[in-house]
Each structure stands twice: as structure tokens, then as C-alpha cells.
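Asks: I have a structure here, written as C-alpha cells, and I will follow up with some questions on it.
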Amino acid sequence: MSNVIETGAVPVPHDLFAPALEGNLAENQQYLATILATAQVGILVVDSESHIIVEANPKAVEVIGVPREEIIGSVCHRFVCVAELGQCPVTDLGQCIHCGERDLITAKGEQVTVMKTVASITLGGRAYLVETFLDISDRKKAEQALKLSEERCRDILDNANDLIQSVDANGAFIYVNRAWKRTMGYTDEEVSRLTIFDVITPTSKKHCSLLFRRIMNGERVQAVETEFTTKDGAVVVLEGSINCNYVDGHPLGTRGIFRDITERKRMQAELTQSEDRYRKLFENAPVAIVVQCDGVYVCANNEACRMLGRDLVGVDVLSTVHPDYRDLIMERIRRVSETGEPSPLLEQKMLRLDGSSIDVEVTGSSIIFKGKRATQAVIRDITERKQAEEQRREWNLRLEKEVEAKTRHLKEAQAKLIQSEKMATLGEVISGASHELNNPLAGILGAIQMLRKSALAQPIEPELLEGIDVLESIESAAIRCQNIVADLIRFSTQARCSFSEIDINQVLRDTLEVMAIPFAERGIEVELDPDPAVPLIEGDFVKLLEVCVSLLRNAQNALPDGGTIYLGTRLVKNYGEPPQVAVSVRDTGCGIPPQNLSKIFDPFFTTKPAGRGPGLGLTVSYGIVKRHGGDIDVRSTVGKGTEVTVTVPLRQSKAETAPDPYA
């Protein structure tokens, strides 16, 4: 017998069973039985010719899962090989099975993966196959699970949004994930030729080199921020963490996980710029901006502090609000906080540190300040605007009054012009009529004198006396007509004035002497208020005295039951006009009805009963005043009284003072 048997199975040294051939047979059998019983691999002995299993150790029985008696005597392909009869890999196909993976069929029909070795031996002249197998199904499951775990990890790494890299001790890339390659723009082949220092920007190389050495020396770096240069030259800002990979205590390389924060950095830069712009806008805004939280100012710009005269941070809000507006302001703050809607523009008053108040307009909105809900208010100082508006209202009111006064003056001037034209026309008519009346009146008076002289030369008889009485009545009427004609002539300005320097205040005093007795009889009081600053004027003392007497008589007639007459003078200076003197006569009488005001200067207009006067007083006065280059203004209110103002210039023009060629 040869030392080995080679029948397609693994050759087995013959010396392996030497103990079974030598010595005591019982001991040898015990020796083999112990080996089979304690072996941790399944052992089956199969007849090579019949493929009948002739021996199975306990481990084989355990793996197959049926009693040993059922295994012994069964064909091998029932359990240990799935091949059909005539297709045995060893005896029929001549395969060598050594530590090969094969499937074993259990009693339940399940296939268990085993690591199998088949050896061919000859015992007692008959060929056998010794099949040893190790159940590696658990290991296969573990390997499969490990493979799945590795695939999941690789899938996670490759599909992670972060950039993941592994670098050896020399800086060469061991692994980079898909996000790294996509961000940096490199292929796997290009990455294999790169080192970590090829992608670090020049500005970050020194920092990263020091960092790399620190990590390789065992230092753990929690946070790293650096810049990589992509394949196309763009700069990518990254942040992440790096640690060292150790094997048996020796550093092999680094592992890093980075996040692309380029966009975040750009947004942070823009946010910083925006915050800087907002801060500058906030601090340098021309309007006051304040932020209040829980009723206290927590932020205020320069204009707000300047406007209210103090640093506002920490100051109670209501202490800067005028008491009239505090309830309203608290309600507006509450509404803004609850609804989040901005408050409409409101005009109010606020208090400065010195206690003075200012007019402001305020609008508020809800914001988040340092994590808390607060109210931001924009305040504009409108004090100057309010003052300007008030001035504008005053100017408008003053302008309206001036327009009304100018309109009234224009109407008065127009009325005076009409009156002047009317009086001028009447003067011309009266002037002609006066001459025509004077001649007949002179003839009548001459005839009366002749008749009286003739009658007186005759004997006295009753009939003659009656005739003389008639002549006297006719003479009296003619003289009265002659006086009226004289007044009309004076009104028509044909009678010249004798101008000289006179004291208008003295004219008033003399007038009061003339009217003293009639005033005393009526119980009329006179308040005289002459202005001592009024200078001497050029005028006709007698004619102005006549005017004043006429005005006081009219005032007397308006006070039948007594009253008060105010009499005064003043100097009038209007822009662009020569100075004038005004004489005012004001009574507290019955007043003149509006419909009569335009007629009071008309000749023969009077409200007196018939026979109480011809109605020429104001007509003559009007003519005298006009002869002095002046004017008469009459204002009256029924039931309250009348005021007549006579204005005459201080100096007469040469035309007015020239001698009358017809005097």
C-alpha cells in the first residue's frame, strides 16, 4: 500500500492513521473515536463506490440535524452534496475539493454554506472519501452584513452633502466622496494625483500645514475653517472637523468632514454690510428712532437723544410723553404688540429733559429686539412746521383782514369818487343857479326897501301897517333864500379859504366852547383826547371851526336823551403818502341807517322835520374839507353810534394856497 492515495480528493499522508495500524486495536479505535467525537468540524466517511455514508461524527450530526442512524446508510448527495447520481464532483468529475465553499443540505431541506475538504483513503482494501466541513453560514452572514454595512456607509458618504476626505501622512488623498469631487470639479483619476496642499488656497496653506502637523501629532481639532481652490480656480470656503486615523498607535492619515459655507459666508458678508448700513442709517437718520420694550427705551439713535435732550436707554417711555397723550400712547403700543400691524401716523407732544414740550408725529411697528418682542417708533420733530403753520394761519388771517380792509377801502374810495363826482356836478349846477338866484333876490330886496321907504312916507293907516308887515315877511324870506344861496356858493368851492398855520387842537377846544351850553342842556358829556404830538397845519381856522361845529351839532342831534361824545386828534402816517392829521368825532347815539349813509353829503338831505334846517351842514362841511385837500369818512352802526373822521394834510399844495383872482 502506498503512503498516499490520490483519487481526485486531497492527498492524505498515510502516517495520519498510523496509530490505527499499530499497537493495540482497542486503543487505536478509542483514539480515533475520541478524535471524531471532539472535532469541531463535521466529518463524514463515504464509500467511494456506492456513495453511502458509513460514518458521521457528532458535529456532522449536529449540522445536518438528523439522528446519526438516519445519516449512516444514506447516499451522500442527500445531505452533503446537491449533485445528482453520477455527477459526484470528486469521483465522477475528478474535482479536487480543498477548503472550498459548498452547500450542505439539512434535514429541513435548507442549504447551509460550509467550508469543505475531501480526502480519499483506502481502508481494508476499499476506497473511501473522508469529507470534513465547517459551518461558515454565520461567517457568511456576518460578511454579507459587513458588506451591506460597507455599502451603506459608502452610499452615505458618497451621497452626503458635506465634503468628506481621507488623507495619508504625506498629504495624498486616500478617499474623497462624491460631494467633494462635485464641489472641487475633479475626477477620481485627477484626485489620485493630488495632495491636500494642491487644493488649499495660498492664503490658507501656512495655517493648514501647521494644523496638519498638529493633527498628525495626535492633537484633536474640533473646528476648522479653510479655503480650497476648485479645478476652475474658484475659491470655496469650508468649515468642518479633522481627526487622525491610528493603527496600532501609529498615525496613518487624517479624516476630515467639511461643509461648503461659501454661500453662507457671502450671505454673512452681505448681512454684515446690511447691518452696517442699517446701523449707520439708524444712527445718522435725520428723524428720531427709538425701540421700547416693557415700557422702557432699550435703544435710541442720536437724533432721538438730541431731540429729547438726554440719553434715552433705560428711560421710562411715559416720562417723555406729554400727559395729555399718555393713555393714547399706551393703547397704541398695546395694539401694535397684539396685532403686529404698524400704527398710523399720529401728531402728539413729547417732553424734553428741561420740561419743555415739542410737537412730533409718530408711527410705530412691531419688531424682535434681542429675542424679545418690542416696538420701534419713528419720530419726526414738527415743532417748526407747526409754528410755520401757525404763522401761515396768522399771515392768512392777516392777509384776509388786509384784503377785506383793502376791499373796503376800494369800495369806500369808489363811493367817495362817485360822491366827489356827484358833488362836483352838483357844485357846477349850484354855482350857476346861485348866480341866477342872487340877481332876482337882490332885486326883490331892493324893491322891498323902496316900498318900505315909500310906505313910511305916507300917513299911518291900518291897511298900510298890514302892507308893511307883508313886506317884512317877504324880506325875511328873501334874506333866508339869500343865506341858502350863500351856503350853496360856499359848498361849490367858489368861496376861497384863507390858509395859515393853525393848531387843530385849539380848533377843537374853541368848538367845545361854542357847544358847551347846548351840550349842558342835553346832558351830553364830552371826552376830549387831543394828541399833543400833532404839529401845526396849514388851514383856515374859521372854516375848520365851522366844520367841527357842524359835526358836533349832528352828534348832539343823535343824542336827544344825552350821552357821550368822544373828540380827538392823531397824526396819520401811511406808507408812500404825506402825513395827515385826523379829527375824530364819535357819539353813542342812534346811528345812521345804511340806506342813508350814501346821501348824508347831498344838498338838502336831512332827517330833521321840515323847517328845522335846509340840510346843508354836512354839504358845506364836505366842500370845506375838500377845499383843504382832505376827506371825510363816516362809519355808523344803528343803535350804537356814529364816528366821523376828518383828515386834512399838514401842508397845502401851491394850487390850494394861491390867491383867489376873483376875491
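Asks: Can you pull the three principal axis extents for the Cα set of the stretch 144-213, in Å, largest first?
Replies: Answer, in whole Å and largest first: 44, 25, 21 Å.
Asks: In nm, to one decimal, how far is the modelled label at K265 from the one at M216, with both set 7 Å along Cα→Cβ?
Replies: Here the modelled spin labels are 2.5 nm apart.
Asks: While we're looking at this one, here's another question. Among G218, I174, G253, pick out the residue whose Cα is farthest towards the positive end of the charge dipole of the stretch 153-263, where Lys and Arg carry +1 and Asp and Glu carry -1 on C-beta, about the Cα centre.
Replies: Of G218, I174, G253, it is G218.
Asks: Rounded to two decimal places and with Rh computed the Kirkwood way over Cα pairs, what is Rg over Rh for the stretch 242-314?
Replies: Rg divided by Rh gives 1.47.
Asks: Still on this structure, I have one more. So how far apart, in nm, are the two label points at K453 and R522 if each is 7 Å from Cα heading toward Cβ?
Replies: Placing both labels 7 Å beyond Cα along the Cβ direction yields 4.5 nm.
Asks: How much length, in nm to one decimal, is gained on full extension between S50 and E513, taken as 0.36 nm per residue of separation minus their Cα-Cα distance?
Replies: Value of the extension gain: 148.6 nm.
Asks: At 1.4 Å probe size, what's the solvent-accessible area of V514? Round to the nearest 10 Å².
Replies: Counting only protein heavy atoms, the figure is 80 Å².
Asks: Solvent-accessible area of Y278, probe 1.4 Å, all protein chains present, reported in Å² to the nearest ten, please.
Replies: That residue has around 120 Å² of solvent-accessible surface.
Asks: Measure off, as a whole percent, the carbon and sulfur share of the 1.4 Å-probe accessible area of the stretch 210-274, all protein chains present.
Replies: Its accessible area is 52 percent carbon and sulfur atoms.
Asks: For K573, go through the aspartates and glutamates and keep the ones whose alpha-carbon is under 18 Å away, minus same-chain ones fewer than eight residues off.
Replies: Qualifying aspartates and glutamates at Cα under 18 Å: E402, D531, E538, D631, D633.
Asks: Let me ask you something else. Which entries of K543/K626; K349/K386; K349/K370 show an alpha-carbon separation above 18 angstrom in the structure shown?
Replies: In this structure, K349/K370 lie more than 18 Å apart at Cα.
Asks: A further question follows. Give the calculated FRET efficiency between L536 and K386 to the nearest 0.05, with a Förster radius of 56 Å applied to their Cβ-Cβ distance.
Replies: So, using R0 = 56 Å, E works out to roughly 0.65.
Asks: Keeping all protein chains in the complex and leaving out DNA, RNA and ligands, what accessible area do you get for T383 with a 1.4 Å probe, in Å² to the nearest 10?
Replies: Estimated to the nearest 10 Å², T383 gives 30 Å².
Asks: Using the basic label-point model (7 angstrom from Cα toward the beta carbon), what is the A285 to R408 distance in nanometres?
Replies: Label-label distance for A285 and R408, simple model: 5.1 nm.
Asks: Still on this structure, I have one more. With +1 on each Lys and Arg Cβ and -1 on each Asp and Glu Cβ, and nothing else charged, work out how big the dipole of the stretch 182-306 is about its Cα centre, in Debye to the nearest 20.
Replies: 260 debye
Asks: Same structure, new question: Could you size up the charge dipole of the stretch 135-243 around its Cα centre, putting +1 on the beta carbon of Lys and Arg and -1 on that of Asp and Glu, and report it in debye to the nearest 20?
Replies: Dipole about the Cα centre, nearest 20: 180 debye.
Asks: Okay, moving on. Please give the net charge around F212, taking every other residue with its beta carbon less than 12 angstrom from that of F212, where Lys and Arg add +1 and Asp and Glu add -1.
Replies: +2
Asks: What is the gain in length, in nm to one decimal, between C481 and S337 on full extension, counting 0.36 nm per residue of separation less the C-alpha to C-alpha distance?
Replies: Result: 42.2 nm gained on full extension.
Asks: Here is a follow-up. So, with +1 on the Cβ of K and R and -1 on the Cβ of D and E, and no other charges, what is the size of the charge dipole of the stretch 303-422 about its Cα centre, to the nearest 20 debye?
Replies: 140 debye
Asks: How high is the FRET efficiency between Y31 and A142 when r is their beta carbon distance and R₀ equals 35 Å, given to the nearest 0.05?
Replies: 0.50
Asks: Let me ask something else. Mind checking the full-extension length gain between E275 and E101? Use 0.36 nm per residue of separation minus the Cα-Cα distance, one decimal, nm.
Replies: Stretched out fully, the E275 to E101 stretch lengthens by 55.6 nm.
The values are calculated or read from the model by the stated rules, or taken from the named source; none is laboratory data. Here the structure is a predicted model, which is why all the values come from computation and not from measurement. For neighbour counting, all protein chains shown are included, and Cβ atoms are generated from backbone atoms with ideal geometry for every residue, glycine included. These accessible areas exclude ligands, DNA and RNA; they are computed on the full protein's heavy atoms, side chains included. Shrake-Rupley method; radii C 1.70, N 1.55, O 1.52, S 1.80 Å.
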